[in-house]
Amino acid sequence: MDIEAGPTGDGRAVPVEWTVMESAIGPLFLAATGRGLVRVEFHADAARREDMLGRLASRLGTAPVECASGLLAEAICRLDRYFAGEPGDVDLPLDWSLTTGFNRTVLRELASGVPYGTVVGYGELARRVGQPGAAQAVGAAMGSNPLPVVVPCHRVVESDGGLGGFGGGTETKRQLLALEGVLPAPLF
């Protein structure tokens, strides 16, 4: 599900809730507003969590609170199913407040146009958004993705078959692609 959202524009802060959930790729920091999931962060140790809380407060105008009303319950449930191997995209309402412009355009195309179990090249994704020479800019958009896993930047690979970069690390990217059946699972 896709929700076009941005800052409220009227000076009001957007309430934000957060939690850390365990997953097959390590702890994930999740944050949501009433509009939808707004942030996912890999490797959510205490230092990274504190950094995310400060950055979200700055960007969204209010200090996030830990799981106050259940905004994250559906996200946790769907991500648990995804990591348990249930095929399909993690289809959730998304709050796009933390991305704008070209990056938002690319990420929205990725979310809607690259389904579970498939991959796309950086250049192909650039072509899909009408910027065929912007493969490097697509890479930058992947690096700024505020919603990894849910907006599946792990599915974007190099045209020569290489994995390419990944904010969660290449081993995490490899694990996610193996989970989706794109790569073989490691032997040990």
Q | segment 25-77 and segment 113-136: distance between their alpha carbon centers, rounded to Å | A | 28
Q.
What is the percent carbon and sulfur in the accessible area of segment 104-187, measuring with a 1.4 Å probe over the protein chains and ignoring ligands?
A. 51
Q: Would you compute the Debye intensity of segment 86-182 from its alpha-carbon atoms alone, equal scatterers and no solvent, and pass along log10 I(q)/I(0) at q = 0.20, 0.22, 0.25 Å⁻¹ to two decimals?
A: -0.96, -1.17, -1.51
Q. Where does the chain land at 222 nm, in deg cm²/dmol rounded to the nearest 500, when only DSSP H runs of n ≥ 4 count, each adding -39500 (n - 2.57), divided by all residues?
A. -10500 deg cm²/dmol
Q: Go through L147, V129, G85 and say which Cα lies farthest out towards the positive end of the charge dipole of segment 77-166; charges sit on Cβ, +1 for Lys and Arg, -1 for Asp and Glu.
A: V129
Q: Would you mind telling me which residue in T100, T19, T33 has the biggest mean-square fluctuation in a Gaussian network model of the chain, where springs connect alpha carbons within a distance under 10 angstrom?
A: T100
**Q.** Relative contact order of the chain, pairs being alpha-carbon contacts under 8 Å that are 6 or more residues apart, as %
**A.** 21
Q: Quick one: dipole size for the chain, taken about the Cα centre, charges +1 on Lys/Arg Cβ and -1 on Asp/Glu Cβ, in debye to the nearest 20.
A: 360
Q) Could you give the semi-axes, largest first, of the ellipsoid that matches segment 17-77, computed as the square roots of 5 times the alpha carbon gyration tensor eigenvalues and rounded to whole Å? A) 17, 15, 8
Q.
Output wanted: per-residue J couplings in Hz (rounded whole) for segment 157-167, from phi through Karplus 6.51 cos²θ - 1.76 cosθ + 1.60, θ = phi - 60°, x for Gly and Pro.
A. 10, 6, 5, 8, x, x, 5, x, x, 6, x
**Q.** Stokes-Einstein translational diffusion, the chain - Kirkwood Rh over all Cα pairs, 0.890 mPa s, 25 °C, in µm²/s
**A.** 145
Q | Accessible area expressed per residue, segment 36-79, with surrounding protein chains retained (probe 1.4 Å, Å²) | A | 50
Q. Under a 5 Å amide H to amide H cut-off, with H placed in plane at 1.01 Å, what residues pair with R39 once short-range neighbours are removed?
A. A31
Q: State, to one decimal in nm, how far the label point of A13 lies from the label point of A73, with both points 7 Å from Cα in the Cβ direction.
A: 2.5
Q.
Using 0.36 nm times the number of residues separating A185 and Q136, minus their current alpha carbon distance, what extension gain do you get?
A. 14.8 nm
Q) If the chain between E158 and A46 were fully stretched, how many nm would it gain, using 0.36 nm times the residue separation less the Cα-Cα distance? A) 37.0 nm
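The values are calculated or read from the model by the stated rules, or taken from the named source; none is laboratory data. Treat the numbers as computed from the prediction; the structure is a model and nothing was measured. Backbone-built Cβ (ideal geometry, glycine too); neighbour counts: all protein chains shown. What goes into the accessible areas is simple: the full protein's heavy atoms, side chains included, and nothing from ligands, DNA or RNA. Shrake-Rupley method; radii C 1.70, N 1.55, O 1.52, S 1.80 Å.
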